[in-house]
Amino acid sequence: MEQEGRFVVTHADADSAVLKDVDRGQVHTLEGNPGVDRSEVIEGALEPEPPMEVTYRLAEIETRRRLSVEESPEPPTEQEREIAAEQAVGEVTRRERAGIGELHVLTVPEETTEATVEDVLDDEATLVRAARLEVNRVEIRSEPGVVSVRYLP
């Protein structure tokens, strides 16, 4: 049975690829790699591969785009610093951006700032959220104790 949707490529190598359904959360392993790369968002359809139907193939690609997830050398903005100062360590504030996207501000222990940035860079949830928000770029800014994650058009 064909499954249509938006999928983010969470893993890709020469022999296979793993796609996560952005809206339903299901994970699909492709039989082989049809030329997709990690961080791509594909809108299209998957079909199970017979006879066991445990792997899939890309039956149709309607649109395809690449997400960029990067650490910025810029520090958090004044607004982001103020949000962080108003919340307890370990808390996250989410705000819609004007237009498209979101802003997430995390207040973290100063000694874990770099590790938090690395976690956000490597987390497949970052890719899924970017795909769901229909943005093309994720920018991470930080300074000791503050990490901002900007989901941008």
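Observations, loosely collected:
- Cβ-derived FRET efficiency at R0 25 Å, residue 122 paired with residue 79, nearest 0.05: 0.45
- For the chain, modelled as a GNM whose springs connect Cα atoms under 10 angstrom apart, the maximal fluctuation among 70, 114, 53 occurs at 53.
- Using the Cβ of residue 50 as centre and a radius below 12 Å, the other residues enclosed give a net charge of -3, where K and R count +1 and D and E count -1.
- Helix-only CD estimate at 222 nm, as mean residue ellipticity for the chain, using -39500 (n - 2.57) per DSSP H run (n ≥ 4): -5000 deg cm²/dmol
- Relative counts (whole %) of C-alpha pair distances in the stretch 68-152, using bins that are 5 Å wide: 3, 16, 29, 27, 18, 7, 1
- From the Kirkwood radius over Cα pairs of the chain, Stokes-Einstein at 10 °C and 1.306 mPa s returns a whole-number translational diffusion coefficient of 96 µm²/s.
- Against the main long axis of the alpha-carbon atoms of the chain, helix 124-133 sits at an angle near 90°.
- Alpha-carbon centroid distance for the pair the stretch 69-93 / the stretch 1-63, whole angstrom: 34 Å
- For the stretch 109-153, the Kirkwood hydrodynamic radius from C-alpha pairs, put into Stokes-Einstein at 37 °C and a viscosity of 0.692 mPa s, yields a diffusion coefficient of 302 µm² per second.
- Only Lys, Arg (+1) and Asp, Glu (-1) charged, at Cβ; the chain dipole about Cα centre in debye: 440 debye
- Inter-label distance for residue 110 and residue 143, nm, one decimal - labels placed 7 Å from Cα along Cα-to-Cβ: 1.3 nm
- Surface/4 of the Cα convex hull for the stretch 3-66, nm²: 3.8 nm²
Values in this text are rule-based calculations from the coordinates and carry no lab data. Everything numeric in this text was worked out from a predicted model, so none of it was measured. For neighbour counting, all protein chains shown are included, and Cβ atoms are generated from backbone atoms with ideal geometry for every residue, glycine included.
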